[in-house]
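Encoded as structure tokens, the structure appears first; notes follow it.
The values are calculated or read from the model by the stated rules, or taken from the named source; none is laboratory data. From a predicted model like this one, the values you see are computed outputs, not experimental measurements. Don't worry about glycine lacking a Cβ; one is built from the backbone with ideal geometry, like all the others, and counts go over all protein chains shown.
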Amino acid sequence: MNETDTTIDPIAKVNGEAVLTLPEDLYIPPEALEVFLETFQGPLDLLLYLIRKQNIDILDIPIAEITRQYMAYVELMRQVKLELAAEYLVMAATLAEIKSRLLLPRPAELPAEEADPRAELVRRLQEYERFRMAAENIDRLPRVGREVHLVLIESKCEPSQRPQPNVTLTDLLDAFRQVMARAELYRHHRIRLEPLSVRERMTEILTRINAENFTSFESLFDLKEGRLGLVVTFLAILELMKESLIVIVQQEPYDPIHVKAAA
């Protein structure tokens with residue numbers, strides 16, 4: 001680093017501005033932030049972690065140093081107000097007992113296994129490590145076949161083959177008849193405008209009648225003109241009645257109807 005380089009890394013950035021020093025009135029309570037880097041499943045897990053962390057031979061455990069680190073972790077859990085399991089305290093007592101036995105003189109006639117107070121603890125640690133390794137290996141296995149099992153069902157039935165239908169001439173004729181029936185629904189009807197006018201027919205009727213004599217209602221229609229001509233004549237008579245240009249009379253019910261021009 002250059003002697004003239006006085007750049008200081010900012011502690012944080014507030015609203016885009018770098019903060020280089022902590023405020024003097026900043027107060028952070030002890031319980032504001034708690035970080036747990038390691039979690040253990042039990043006292044043996046904690047002991048194994050301490051041993052592996054320092055690359056200690058499990059067959060030659062420095063019981064005094066391990067006990068000190070173990071008690072420091074237990075004290076830490078008490079400070080952060082964690083509920084300690086009873087087995088952690090039992091292991092602490094076991095480590096204290098092993099430590100005290102190592103300080104006492106041992107009889108020479110004892111077997112080598114019984115002479116070392118750490119033998120039982122080493123056996124438990126080795127057994128726990130084997131089970132832990134087995135659990136980790138199982139956890140790395142694929143989920144399928146361990147927790148999720150695929151169900152395969154093999155059917156012995158052979159797939160059936162659907163025979164192709166034989167189409168006869170009668171079937172073709174029936175299908176064509178249905179097509180023709182649907183085509184009738186789309187047939188167009190064109191209406192042609194006839195050279196007939198209601199106004200012209202009104203003029204024609206007025207020339208055929210007068211105000212002195214009655215003319216038969218039926219005589220005003222020409223049957224040769226067809227339905228369209230009859231309708232035009234009838235509409236012309238209605239228009240003449242509407243404009244009060246003709247008078248229609250009938251002597252009695254069901255008698256012939258007569259028409260004459262209005263006076």
Q. Is there a residue in the range 53-61 that is crowded, with 16+ Cβ neighbours inside 10 Å, in a helix (DSSP H, G or I), modelled with pLDDT of 75 or more and out of contact with any strand residue (DSSP E or B) (no Cβ under 8 Å at 6 or more places or on another chain)?
A. no
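Can we say Glu129 is out of contact with any strand residue (DSSP E or B) (no Cβ under 8 Å at 6 or more places or on another chain), within 30 Å of Met91 (Cβ to Cβ), at pLDDT below 80 and not in a loop (DSSP other than H, G, I, E, B)?
no
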Matching residues in the range 191-242 (of a type outside the set (D, E, K, R) and assigned to a loop (DSSP other than H, G, I, E, B)) number 12
(Q) With the structure loaded, tell me whether Thr170 is polar (S, T, N, Q) and not assigned by TED's automatic domain parsing to the domain that holds Ile248 or whether it fails that test. (A) yes
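Given Thr207, Thr170, which one is surrounded by fewer than 10 Cβ atoms within 10 Å (Cβ to Cβ), within 60 Å of the chain's Cα centre (by Cα) and free of Cβ contacts under 8 Å to residues at least 40 places away in the same chain?
After ruling out the rest, the residue left standing is Thr170.
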Selection over the range 64-89 where residues are touching a helix residue (DSSP H, G or I) at 6+ places or on another chain (Cβ under 8 Å), at pLDDT 80 or above and hydrophobic (A, V, I, L, M, F, W, C) yields a count of 3
Picking from Leu20, Leu46, Leu50, the residue that is touching a Phe, Trp or Tyr at 6+ places or on another chain (Cβ under 6 Å), of a type in the set (A, V, I, L, M) and at pLDDT 70 or above would be Leu46
